[in-house]
Amino acid sequence: MTNRGSNAVRSLVAVRRLARRVRGVGLSAAWLAGVGAAGAVVSLRKAYPRAPQAAPAQGWPPARPVREGRLAVAVVLGASGSVITDALGPYEVFARSQEFFPYTVSASRPTAMLSGGLAVVPDYSLEDVDAGLAPEPDVVVVPAVIAPNGRKEAPLRDWLIGRADRGAHVLGVCNGSRLLAATGLLDGRRATSHWSSIRGLERSRPQVDWVRGQRYVQDGNLTTTAGVTSGVFGALRLVEQLAGAAEAQRVGQELAYPGWSLSGPTGIRAQRWAPRDLAFLLAVVFPWLRPTVGVGLVEGVGELEVAAPFEVYASSFAARTVPIAAEATVTTRHGLRLIATPANAGGLGIDRLLAAGVGSIEAVDSRLLGWAADRGLKVELPNGGQSAGQFSFDAMLGDLASHSDQTTARVTAKSIEYPTEQLELAGADWPWRPTALLALTATAAIGIALVPAAASRRKRR
């Protein structure tokens, strides 16, 4: 064989080897991408399961009667699902004041889904408000929804434009600003949003002057806030404007949000993605083998006390949450109607049971206690060790740290824009469950990358 022929053969062999390697790398990359995408889909579906539609045997609990002479606050709930604290935080702020009457309104009837798997029964539909069957709102609270630009939320977008045209104060909480931006109401105005969304919003909605590093931004009758728990600040600001500084001071002191004061600064740290935020990504793409946490609900529980466990575990993706109560429905301290799995239901696989907002075991319904005892579960009281005047999210972030890890707890606090200086966290330093799943997935990817070469060797034999 001539040198030219030998060189051609060697070149052909080299090309084939390169092709096998490329195929191996491609298969490996496809495997990793497929696992990651599947994990993300599972995480989001678990965070927003389908809302129950069938009424319990006793029917839905009635809505509270409308209080005359109060400023009406409509807390909207998206048909595609809403972030729980974005809605329940401002709801409780306004409900604590005798000057306001908050109610929930949604295009999703008879139920609407909140993040973490908790469903509620809206007090009114959008059409009810249009028809005068519900009070015309003086304030409209807009939480983040799953599909702000989607077809499901088209009626809500039109409804929000109508309320703004009638002069209502509009409070967009966190990524609720994405829904408001989709209506065009923010065009030509200053606004803010969750820190992770602002760069994308600057590209998609350049008509808006997006502001970083502020708890809330006001422009005329439109107020927008930073991430999740910042909605408490935005709501207190509106209480101050509409009901007076003394009323806002009273409600704010009752809530005891860390660091809040009536005359305090509105500036906050402008967050960016950081290396430790990898813990969040791992939890999202590797949801398998997560524990399931039952959240026990009792009659008269506070709205933010309800929001805390669902928000903390839904935002961290460290566990799946399931609402459980003695009956199929629970009414909160200020009249919000929640839907839970009744304690006599079977087939629930629960690893832990937390009682939301409960300070002592005596406050837990005996039927719920019996249900837990039959399954060998201890009813845990994260708020039982909570100091007087402490915000409920402190206890839940501490619970997350002790049952998952401190890094996940701090990344979760960053995600919901909650201060961490006052937190006393104990637990592992890193989320080892998703890290172990990553290692197994990477090992499998290496094996898959070697498949084309192994198949070629077998063929030559």
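The values are calculated or read from the model by the stated rules, or taken from the named source; none is laboratory data. Every value quoted in this text rests on a predicted model; they were computed, and no experiment measured them. No Cβ is skipped: glycine too gets one built from the backbone with ideal geometry, and neighbour counts run over all protein chains shown. We work out accessible area using only protein heavy atoms, side chains counted, and drop any ligands, DNA or RNA first. Shrake-Rupley method; radii C 1.70, N 1.55, O 1.52, S 1.80 Å.
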For the chain, the per residue accessible area (1.4 Å probe, Å²) is 44 Å²
The answer for the net charge of residues other than A355 whose Cβ lies under 12 angstrom from its Cβ, with Lys and Arg +1 and Asp and Glu -1, is -3
When the charge dipole of the chain is computed with +1 on Lys and Arg Cβ and -1 on Asp and Glu Cβ about the Cα centre, the Cα farthest towards its positive end, among A439, G259, Q207, belongs to A439
The ³J(HN,Hα) series, computed from each phi in segment 389-397 with the Karplus coefficients 6.51, -1.76 and 1.60 at θ = phi - 60°, rounded to the nearest Hz and given as x for glycine or proline, is x, 8, 6, 5, 5, 4, 5, 6, 5
Among (i) 24.4; (ii) 28.5; (iii) 21.6, the value of mean projected area of the Cα convex hull in nm² computed for this structure carries the label (ii)
Tilt, helix 3-47 to longest principal axis of the chain (alpha-carbon atoms), in degrees rounded to tens, equals 20 degrees
In order over segment 148-157: 3J(HN,Hα) from phi, Karplus 6.51/-1.76/1.60, θ = phi - 60°, whole Hz, x for each Gly or Pro, gives x, 9, x, 5, 4, 9, 4, x, 5, 4
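Given a 1.4 Å probe and every protein chain left where it sits, what share in percent of the accessible area of segment 89-132 is carbon and sulfur? List each step's numbers first, then the result.
Working: 400 of 1030 Å².
Reported share for carbon and sulfur atoms: 38 percent.
Add +1 for every Lys or Arg and -1 for every Asp or Glu among the other residues with Cβ under 11 Å from the Cβ of P258, and state the total. Spell out each step's value before the answer.
Values: positive: none; negative: D394, E421.
The answer is -2.
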Rounded to the nearest Å, the spacing of the alpha-carbon centers of segment 289-337 and segment 156-171 is 30 Å
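Counting other Cβ atoms within 10 Å, which trypsin sites (Lys or Arg not before Pro) in segment 156-229 have at most 14 and lie in a DSSP loop?
Values: sites: R157, R163, R166, R178, R189, R190, R199, R203, R212, R215; in loops: R166, R189, R212, R215.
Passing both the DSSP loop test and the Cβ count: R166.
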Gyration tensor on Cα atoms of segment 251-360, a ≥ b ≥ c root eigenvalues, a/c under 1.5 rounded, else prolate if a/b beats b/c, else oblate, says oblate
When the charge dipole of the chain is computed with +1 at the Cβ of Lys and Arg and -1 at the Cβ of Asp and Glu, the Cα pointing farthest to the positive end, of I324, A33, G359, is that of A33
A 1.4 Å probe over the protein heavy atoms gives segment 169-233 a carbon and sulfur accessible-area percentage of 38 percent
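Largest first, how would I339, I161 line up by accessible area (1.4 Å probe)? Please report the intermediate quantities before stating the final value.
Details: I339 20, I161 55 Å².
So, going from the largest accessible area down, we get I161, I339.
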With a ≥ b ≥ c from the Cα gyration tensor eigenvalues, square-rooted, and the rule rounded for a/c under 1.5, otherwise prolate when a/b > b/c and oblate otherwise, segment 364-405 is oblate
The longest stretch of the chain containing none of the GluC sites (Glu not before Pro) that sit in a DSSP loop with at most 12 other Cβ atoms within 10 Å is 69-420
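Taking Cα pairs under 8 Å and at least six residues apart, what relative contact order does segment 169-292 come out at, in percent? Don't skip to the end; give the middle numbers.
On the way: 173 pairs, mean separation 30.1, N = 124.
Relative contact order here is 24 percent.
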If each K or R counts +1 and each D or E counts -1, the residues other than G231 whose Cβ falls under 13 Å of its Cβ total -3
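Pairs of alpha-carbon atoms within less than 8 angstrom and 6+ residues apart define the contacts here; what relative contact order does the chain have, in percent? Provide the component values of the computation, followed by the final result.
On the way: 888 pairs, mean separation 74.7, N = 461.
Relative contact order, the chain: 16 percent.
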Taking alpha-carbon centroids only, segment 92-108 lies from segment 211-277 a number of Å equal to 18 Å
When the charge dipole of the chain is computed with +1 at the Cβ of Lys and Arg and -1 at the Cβ of Asp and Glu, the Cα pointing farthest to the positive end, of G300, W195, W273, is that of W273
In debye to the nearest 20, the charge dipole size for segment 95-190, taken about the Cα centre with +1 at each Lys and Arg Cβ and -1 at each Asp and Glu Cβ, equals 420 debye
For segment 108-186 the mean separation of alpha carbon contacts under 8 Å (6+ apart) over residue count, i.e. relative contact order in percent, is 30 percent
For K414, the aspartates and glutamates lying under 12 Å Cα to Cα, once residues fewer than eight places off in the same chain are dropped, come out as D277
Sorted by chain and number, the residues with a modelled amide H under 5 Å from that of V358, at a separation of 5 or more or across chains, are N383
Sorted by accessible surface (1.4 Å probe, heavy atoms of the protein chains only), largest first, K378, K46, K152 come out as K378, K152, K46
Computed for the chain: size of charge dipole around the Cα centre, +1 on C-beta of each Lys and Arg, -1 on C-beta of each Asp and Glu, debye to nearest 20, value 4020 debye
Checked segment 157-284 with the C-alpha gyration tensor, a ≥ b ≥ c its square-rooted eigenvalues, rounded below a/c of 1.5, otherwise prolate if a/b is larger than b/c and oblate if not; verdict oblate
One would report the antiparallel percent of DSSP beta bridges in the chain, rounded to the nearest 5, as 30 percent
Residues of segment 392-418 with backbone N under 19 Å of the label point set 7 Å from the Cα of R352 along Cα→Cβ are 392-416
